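The values are calculated or read from the model by the stated rules, or taken from the named source; none is laboratory data. Remember, it's a predicted structure, so these values are computed and weren't measured experimentally. Neighbour counts are summed over all protein chains in view; Cβ atoms, including those assigned to glycine, are modelled from backbone coordinates with ideal geometry.
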């Protein structure tokens, strides 16, 4: 019976060239975080449907691929709604699985637990260019460490990882939810309007300070508060070198000095290990969308992207909501698919690959001679080369041209000896 | 809202120690096959349901996790059967995805195409010890090579892979469907009963030659044919050193000499590269269950397992059934999960891991000093060590004991200097 050739709508086949890059990126990520004492974990692609539909996933919960019940449990004729028919769902991110994993295995896990998880997530989104319904996520989390050493290790490891991937210039932007709140409070916004204010502030890099001002105004905020707020950002322009101290000075008692020290320690400790490729900068306009962040937030900006390629923050209250036991937590999510796409576009060459040599073997070679050829290939492979052993085609010139496209630059030809 | 802590029934969370082994095995597999010119590919976990239910999957088609249609396409109230409700399914193996991938991308793929695919498959089997509903498969295939060079490369690469994984002694058993058929034909079994005969022959290692004899008899086969058949296997016992030549001699014209040469070339070429760890042996009792095999079949037996840990064969007719275009093909499937389990049970130590050093840092360290500590950790990591930077707990003794369990053997303590 004929097969439909296309992959599932919105999903894609990964071809050899992209796979090479993906494998390389995964390897660098795993190797780098391992050096920092992170351990890999894996959770199933499927979760019980109740775990995916408890409102923690926001809009993503509308995008779940749901799996039908099986056998006797499936009762089609009495089903009233979707929920009667399904018991499992494909995960839409790695956060719910991580928290479930942590609470399921806490007794055997080290504390703090430093976890690295890479794997596919699934969302039934409207298909669009560059976005797929199956995509890899890469999450790195430290659970159980209330100190800012967690942030320091996480940001240092992630920066090191990007350097190891060959990124020559990027910025780690850092802020703290508590500073965001203190600034809004200092300006005079009411606490229950903070989220609204932050959503507008988050657009700063697109609409500029004037745009933010206008939009706050359009939302009906008092001009006093708006001016006091935007003056802070205006003042920052002349104090960019030490923005954190400037904000601390302006806010005075409105901002707890411990928070300033907290952030300052993170920045100076991470910067102590940097090699010139990146810089940690205080960015009081950084908001990060997810409402579950409670403290430090950060984002990595690679100019080549024109956007963020990863970010995260501290979320001390989330694990407890699921497990009933408060657990401090900091996490980073790396934009795996974006990084792969960028490296592909740049025609990235993986370093330290072996020589690629193609052996072309004429037909009707004796078994003995074939054995010797295989032995020679084996010796070269042991020495680090990539050796393809192939039958020699009639059109040898064409065959070589094709092999050259696959990166084989050296050829060795073997002919049947005259008998 | 509380989360259910357990993974989906029949699936499992992968803990750090197992993950370390899995990552290592995947790395060895990828590195080894790469040296032989194989390229990695990946296909989505989901396939269109029609591709999974076209009778090529046999019993596995009963074990599909089916995904519900979404949005307007889901019409619960008018649904008569499962098929009205689902449009996708989780793949139950990597073969259907490989063939679909090949036909979808054939114009951009090299010929022959040497593919390596590792990833999860899903089967709603009855849960049982050591078998999970999500498990990794590892398939290696060569598509488009009609010559036995494909078998030679595939078996050599796979043997090398197992040697690289540290297996010290194993056997590659090899046979050919055409020899199986010639032997049955020579004995006098009717062609339409071959499959029945082979199913019984396949039990040889469990029930012995006498058992096979009895069971053939119980199935009503003529004693003449049974005797002629079992005499062949009896005679093999005294001719084990060159079983292939013995069978060729006995069968005479019943067996095409080209088939004998074909198999002989494979065995001698693979053996030419071996290092003493493994041996390729002719095994005329080897059947391999799958009916789609057309020629060479092989299996790897590791004594430590007490069974096969991988096998495969040539299936020249299958790709064409799907694509409409005949394509010679040989494949190997490695028992990834079994290998991981065996290494775990053996408490396998991954070679060339860095030193594991834990830094214990007292609280209230100055930002400057913390930066210096991070810099020291960074230098050691660059030199290859695994360095965990951790806050010093009040109960330092207990903390160290815990870290020792994770493999940290060296400690370095940092105290706040007296001020």
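State the number of residues belonging to the range B:354-411 that are over 23 Å from residue A:265 (Cα atoms) and assigned to a loop (DSSP other than H, G, I, E, B). Adding up the residues that qualify gives 10.
Within the option set B:388, B:343, being in contact with a helix residue (DSSP H, G or I) (Cβ under 8 Å, 6 or more places away or on another chain), within 15 Å of residue A:153 (Cα to Cα) and surrounded by 14 or more Cβ atoms within 10 Å (Cβ to Cβ) holds for one residue only, B:388.
Matching residues to (1) surrounded by fewer than 21 Cβ atoms within 10 Å (Cβ to Cβ); (2) modelled with pLDDT under 90:
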{"position": "B:287", "(1), (2)": "no, no"}
{"position": "B:308", "(1), (2)": "yes, yes"}
{"position": "B:320", "(1), (2)": "yes, yes"}
{"position": "B:336", "(1), (2)": "no, no"}
{"position": "B:349", "(1), (2)": "yes, no"}
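Residues in the range A:214-233 that are surrounded by 18 or more Cβ atoms within 10 Å (Cβ to Cβ), free of Cβ contacts under 8 Å to residues at least 40 places away in the same chain and under 34 Å from the mean Cα position of the chain (by Cα): A:216 alone. Kindly indicate which of B:405, B:396 is at the interface with chain A (Cβ under 9 Å from one of its Cβ atoms), closer than 29 Å to residue A:108 by Cα and surrounded by fewer than 15 Cβ atoms within 10 Å (Cβ to Cβ). Sole residue among the options that is at the interface with chain A (Cβ under 9 Å from one of its Cβ atoms), closer than 29 Å to residue A:108 by Cα and surrounded by fewer than 15 Cβ atoms within 10 Å (Cβ to Cβ): B:405.
Of all residues in the range A:239-246, none satisfies being in contact (Cβ under 8 Å) with a residue 60 or more places away in the chain, touching a strand residue (DSSP E or B) at 6+ places or on another chain (Cβ under 8 Å) and either under 13 Å from residue A:172 (Cα atoms) or not assigned by TED's automatic domain parsing to the domain that holds residue A:332 (or both). Residue count for the range B:74-99 satisfying the condition of being without any contact (Cβ under 8 Å) to a residue 40 or more places away in the chain and more than 9 Å from chain A (Cβ to nearest Cβ): 3. Can you tell me which residues in the range A:171-203 are surrounded by fewer than 22 Cβ atoms within 10 Å (Cβ to Cβ), touching a helix residue (DSSP H, G or I) at 6+ places or on another chain (Cβ under 8 Å) and assigned to a loop (DSSP other than H, G, I, E, B)? Answer for the range A:171-203, where residues must be surrounded by fewer than 22 Cβ atoms within 10 Å (Cβ to Cβ), touching a helix residue (DSSP H, G or I) at 6+ places or on another chain (Cβ under 8 Å) and assigned to a loop (DSSP other than H, G, I, E, B): A:188, A:203. Take residue B:124 and decide whether it is buried (at least 23 other Cβ atoms within 10 Å of the Cβ), outside any helix (DSSP H, G or I), at the interface with another protein chain (Cβ under 9 Å from one of its Cβ atoms) and touching a residue at least 40 places away in the same chain (Cβ under 8 Å). In short, no.
Taking the range B:48-73 as the range and being modelled with pLDDT of 95 or more, surrounded by 23 or more Cβ atoms within 10 Å (Cβ to Cβ) and either farther than 14 Å from residue A:67 by Cβ or more than 7 Å from every other protein chain (Cβ to nearest Cβ) (or both) as the test, only B:64 passes. Go through the residues of the range A:9-27 one by one and say whether even a single one is facing chain B (nearest Cβ under 8 Å), surrounded by 23 or more Cβ atoms within 10 Å (Cβ to Cβ) and assigned to a helix (DSSP H, G or I). No, every residue in the range A:9-27 fails to be facing chain B (nearest Cβ under 8 Å), surrounded by 23 or more Cβ atoms within 10 Å (Cβ to Cβ) and assigned to a helix (DSSP H, G or I).
Residues that are part of a helix (DSSP H, G or I) and within 30 Å of residue B:115 (Cα to Cα) within the range A:28-66 comprise A:28, A:29, A:30, A:31, A:32, A:33, A:34, listed in sequence order.
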